[in-house]
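These notes are about the structure you will find just below.
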Amino acid sequence: MYDDAYQASLAVKKNLSSSIKGIVIVGGYDVVPSLQLDVLDQDMRDYLEETDEINDDQDGFIIWSDDIYADNDGDLLPEWPVSRIPDGKSAALIFNALGAKPYQADSKFGIRNLVRPFAIDIYESIISDNSHGLEVSEHCSPHHIDKEKARGAVYYMLHGSDTDATKYWGEKGRGGFYEAIDISNIPDAADHTVIFSGCCWGALTVQPPAFRYISHDAVYPLTPDQSIALAYLKSGASAFVGCTGTHYSPSAPPYNFFGKPLHNLFWKNIGMGMQASQALFEAKKRYASDMPHGLEKEVSKAIEMKIFRQFTCLGLGW
């Protein structure tokens, strides 16, 4: 075990070469540390503190990131795709994740929050031999979902929590939240499955979140019984792609800012035959080149930087 991500990354970098295709980290943050990353440069942080906008983000714009392990030139940006198989204190998870079968476009399943209509176009763009219609949170709940239904190309655009990774929520038309899916709905076998989650903290596999972590304190890994993401990996999913912090969804048509462009790019790359780790890597490169997607406020630019940096690929991803 290494004390911090900088130290651990040095061991990885000794073995990097131009011939590698990507990097797969095996082990949770307690074994191979993730980097506690401030996504803002000092000028941006100073500005948002002066305008009292820094606390608009529940993570203070600090997230967990594994990109350092594929950073070969010191800018904290990866030169290769990176994925991680958290052990989740489960030998079955490690065994099944390492042996995961590559994604195939045989079926798709998705649930969107009632107030996230931009997800409709994204879901419809996902190529699949067989598909279920995109479910809507207020009309979809855990007891309505067949256990084997949530597999294939899976897209969740719901609310997540930094304290309970076993559920995702939507909103009700009359106000309040509605539980849309929980860990009991994850298939026992999820071969050839890739999940993309636009849920806040959807790919957070430890406590605490990066914003609340104090240097050199212990981190506490979740288990497959405590996390939808890890339950999918234990079931043999190829990848679970999601955020380590809060996500931001566009609120006004044509919805071409914040999270939507990255969602679109990821599924487009999957449709072109890329596996999840490569698909996310290429999507993030294109997303970064188009930032800030027409946005002018500094806090909005900071949000897009966070989205760019915090999406991660869990699982083998290949």
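The values are calculated or read from the model by the stated rules, or taken from the named source; none is laboratory data. Being a predicted model, the structure only gives us computed values, none of them experimental. Virtual Cβ from ideal backbone geometry, glycine too; neighbours counted across all protein chains shown.
Tabulated data
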item: Odd one out for N72, checked against (1) part of a loop (DSSP other than H, G, I, E, B); (2) modelled with pLDDT of 95 or more; result: (2)
item: Which numbered condition D66 misses (of (1) of a type outside the set (S, T, Y); (2) on the phi > 0 side of the Ramachandran plot; (3) touching a Cys at 6+ places or on another chain (Cβ under 9 Å)); result: (2)
item: Lone unmet requirement of (1) assigned to a helix (DSSP H, G or I); (2) within 21 Å of the chain's Cα centre (by Cα) for I127; result: (1)
item: Members of region 50-61 found to be closer than 23 Å to P208 by Cα, part of a helix (DSSP H, G or I) and charged (D, E, K, R), listed by number; result: D56
item: Filter pass, I63 being touching a residue at least 60 places away in the same chain (Cβ under 8 Å) and among the β-branched types (V, I, T); result: yes
item: Exclusive hit being among the hydrophobic types (A, V, I, L, M, F, W, C) and free of Cβ contacts under 8 Å to residues at least 60 places away in the same chain, set I85, I111, I120; result: I120
item: Residues being among the aromatic types (F, W, Y) and in contact with a Pro (Cβ under 9 Å, 6 or more places away or on another chain) - total across region 31-73; result: 2
item: Residue that is surrounded by the most Cβ atoms within 10 Å (Cβ to Cβ) [pool: residues in region 193-223 that are aromatic (F, W, Y) and under 30 Å from I127 (Cα atoms)]; result: F196
item: Qualifying position, being touching a residue at least 24 places away in the same chain (Cβ under 8 Å) and surrounded by fewer than 22 Cβ atoms within 10 Å (Cβ to Cβ), among F240, F308; result: F308
item: Of the criteria (1) over 20 Å from S238 (Cα atoms); (2) touching a Gly at 6+ places or on another chain (Cβ under 7 Å); (3) in a strand (DSSP E or B), which one L114 fails; result: (3)
item: Residue that is farthest from A190 (Cα to Cα) [pool: residues in region 138-170 that are in contact with an Asp or Glu (Cβ under 7 Å, 6 or more places away or on another chain) and crowded, with 18+ Cβ neighbours inside 10 Å]; result: G170
item: Hits in region 228-258 - residues which are among the hydroxyl-bearing types (S, T, Y) and either within 20 Å of R112 (Cβ to Cβ) or out of contact with any Gly (no Cβ under 7 Å at 6 or more places or on another chain) (or both); result: Y232, S235, T244, T246, Y248, S249, S251, Y255
item: Any hit, region 275-286, residues being surrounded by 22 or more Cβ atoms within 10 Å (Cβ to Cβ) and over 18 Å from V194 (Cβ atoms); result: no
item: Selection status of W64, part of a loop (DSSP other than H, G, I, E, B), surrounded by 15 or more Cβ atoms within 10 Å (Cβ to Cβ) and not basic (K, R); result: no
item: Leading residue by the ranking (surrounded by the fewest Cβ atoms within 10 Å (Cβ to Cβ)) among those in region 171-192 that are assigned to a loop (DSSP other than H, G, I, E, B) and at pLDDT 95 or above; result: D188
